[in-house]
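Note sheet for the following structure.
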Amino acid sequence: MVYFSAGAVTWVQTTLSKAQSDGFVEGAVSPKEQLMLIVKDFCSGDAMTPPFPHTMRPEQDGIWRFRTPDLRLVGWFPDKGAYIVSEMELKSLCTPQRDEQLFQEAKRLRSELCADNPDFQGEKLNDCI
């Protein structure tokens, strides 16, 4: 299952609907289609395939990032097989400073939402999916 924070839903409605691929990955579908595909692959248990060798990876403090040719989704696994998308951004806007903002906001939201149960899945992929 994939859940989206209120902020991520707003981002989808306001930014993703107008976003175009930056063309860096030849033949990439629109960012909107990229989001639909990565969510479908994750929810169905299908292998997450290239163009990236690591479509998802742990970043820091139990925060994970999903990558598509044009999108970055940042969030955490509150339980095995469940991912909460806290923040989203276009790859072209992900400077090191913006990446840090996304991670800090995801940690803040996780702390806020999970104050009574701060557990989350950690650094190993098999613990998360």
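Rule-based calculations on the coordinates, nothing more; no lab input. Predicted model only: the values in this text are computed from it and were never measured. Reconstructed Cβ throughout: ideal geometry from the backbone, glycine too, with neighbour counts over all protein chains shown.
Here's the list of lysines a cross-link from LYS107 could span, going by alpha-carbon distance under 19 Å and ignoring same-chain residues fewer than 8 apart: LYS80, LYS124. Please list, or write none, the lysines whose alpha carbon is within less than 20 Å of the alpha carbon of LYS32, excluding same-chain residues fewer than 8 places away. Hits, sequence-local ones excluded: LYS18, LYS40, LYS91. Here the peptides 9-17, 81-89 are ranked by packing, the mean other Cβ count within 10 Å, and the order with the highest first is 81-89, 9-17.
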